[in-house]
Every structure is written in C-alpha cells, then in structure tokens.
Amino acid sequence: NRVAICDMDKDKPDAWSWAVKNKSMQNLVFQVDEKKARDQINQLKTQYDYIVIDTPPNFQTAALKAALLADLVIIPTAPSGMDLSGLMEAKDLAITAGRPFKLLANRIIKNTTMSRSLLSVLGEEQGQSFKVNITQSVKFVESEAEGLYIGEYAPNSILHKQVKRLGKEIVSFFEHATEACTA
C-alpha cells in the first residue's frame, strides 16, 4: 500500500522532524497547514491508499479538523493517569466529528499496574480497541533518531511485529467498511 504521513502539529512537528533525517522518507511525509488541510489532504488522497494525520496531542483546532477529514480516528493512549483522563475527551472529539474511532494501547510496560489498568479500560470498549498493543521500547527512540522506520531499524523485532499487526488491523477495518458499504 502507498502510505503518506501528514504532520498537522505546527508547534512540535515530530513526523516531519523524523522524515528530514532520511531522504527516502521525505517523499512520504508532508507538513499540512490546518487552514489548507482539506485541499492538501484531498490532493494526497489521489496518490496514496492511506493517509496518516499526526496532530497535536491536545484538542486544538488541528485535531478537530483532522478528525473531520479522517475515515478512522486512531486514539493512542499510554498507561498514565493523564492519558486515561484525556481518553474520554479524545473519544468525544471523534464522536463529535461523526467518525469511527479505535483506541490503541501504546507504550505498554508489561506487568505494571498502570498498563494493566489501561488494558482493562480498553477491554471494556468492545470493538473500539485494537487487538494489538504497542509496548514501550527504546527501539522507537533509536529508530526516530536515525530517521528510520522501525522495520528498517529493528526488522522482525517484537516492536516491528506489533507495528505490522497494527497495520493489518487498520487495513482489515477498511476492508470490512468497504464490504459493509457494498452489501
């Protein structure tokens, strides 16, 4: 699949900062101005199968615009009190935008109380959470520092396998959505 990443976080453009470290990624990551987001993303939709929009971690205008443009809102949530409290606001944002959403347990540290708590909360969200969890790993930090995709930096690592499973779940979501529309 052809995938583009749009960075709408003007204050902390992490995706863009990552991409400029690796020339091969620069053609896949785009800075998007929230004032021109609809036009920029619609243009990219003609060239790519999937577009990932990275937004600020709060509920600024960019996040709402991204939700309105999205076919699926992915809400990554880490095992922390602040992330858990922000979860309801993020869900409300997706619901307000009228978009389907899925919750992603991110930065999971095995056998910790906070991780178990997060997984329990997400388990109660029947059908609204991804099956895969992304574990905490220094490999993400290292791959970002090198400007590499985790599959290039640590191929076949547990983390790479988790990211691949996440990708398969996302593709499956859209395949099922397409089947439901044509049925």
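The values are calculated or read from the model by the stated rules, or taken from the named source; none is laboratory data. Quick caveat: nothing in here was measured; it's all calculated off a predicted structure. Cβ atoms come from the backbone with ideal geometry, glycine included; neighbour counts cover every protein chain shown. Keep in mind that these areas ignore ligands, DNA and RNA; they rest on the heavy atoms of the full protein, side chains included. Shrake-Rupley method; radii C 1.70, N 1.55, O 1.52, S 1.80 Å.
Below, the figures for the structure above:
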item: Helices (runs of 4 or more DSSP H) contained in region 1-70 and holding at least 2 residues farther than 21 Å from Leu93 by Cα; result: 14-19, 37-45
item: Those residues of region 125-139 which are over 27 Å from Arg99 (Cβ atoms), aliphatic (A, V, I, L, M) and open to solvent by less than 60 Å² (accessible area, probe 1.4 Å), in sequence order; result: none
item: Checking Glu142 against (1) among the charged types (D, E, K, R); (2) open to solvent by less than 60 Å² (accessible area, probe 1.4 Å); (3) more than 24 Å from Ala62 (Cβ to Cβ); (4) touching a Leu at 6+ places or on another chain (Cβ under 9 Å), the condition it does not meet; result: (2)
item: Any hit, region 72-88, residues being at pLDDT 90 or above, open to solvent by 40 Å² or more (accessible area, probe 1.4 Å) and either within 18 Å of Glu169 (Cα to Cα) or touching a Lys or Arg at 6+ places or on another chain (Cβ under 9 Å) (or both); result: yes
item: Residue match in region 21-42 (condition: closer than 30 Å to Gly123 by Cβ, among the charged types (D, E, K, R) and in contact (Cβ under 8 Å) with a residue 24 or more places away in the chain); result: no
item: Failed item, numbered, when Lys110 is tested on (1) within 29 Å of Gly81 (Cα to Cα); (2) surrounded by fewer than 17 Cβ atoms within 10 Å (Cβ to Cβ); (3) under 16 Å from the mean Cα position of the chain (by Cα); result: (3)
item: Selected residue (only one of Leu122, Leu93, Leu103, Leu64 is within 25 Å of Ile158 (Cβ to Cβ), modelled with pLDDT under 90 and either out of contact with any Pro (no Cβ under 7 Å at 6 or more places or on another chain) or open to solvent by 40 Å² or more (accessible area, probe 1.4 Å) (or both)); result: Leu122
item: Region 146-165, residues that are open to solvent by less than 30 Å² (accessible area, probe 1.4 Å) and either closer than 23 Å to Met114 by Cα or in a helix (DSSP H, G or I) (or both); result: Ile150, Gly151, Leu159, His160, Gln162
item: Odd one out for Leu159, checked against (1) modelled with pLDDT under 90; (2) out of contact with any Pro (no Cβ under 8 Å at 6 or more places or on another chain); (3) of a type in the set (A, V, I, L, M); result: (1)
item: Search result, residues across region 1-54 that are under 17 Å from Glu144 (Cα atoms) and exposed (fewer than 11 other Cβ atoms within 10 Å of the Cβ); result: Lys23, Asn27
item: Test: residue in region 122-145 that is touching a residue at least 24 places away in the same chain (Cβ under 8 Å), in a helix (DSSP H, G or I) and farther than 30 Å from Lys21 by Cα; result: yes
item: Candidate set from region 1-49 (those that are over 19 Å from Leu64 (Cβ atoms) and among the small types (Gly, Ala, Ser)); member that is modelled with the lowest pLDDT; result: Ser24
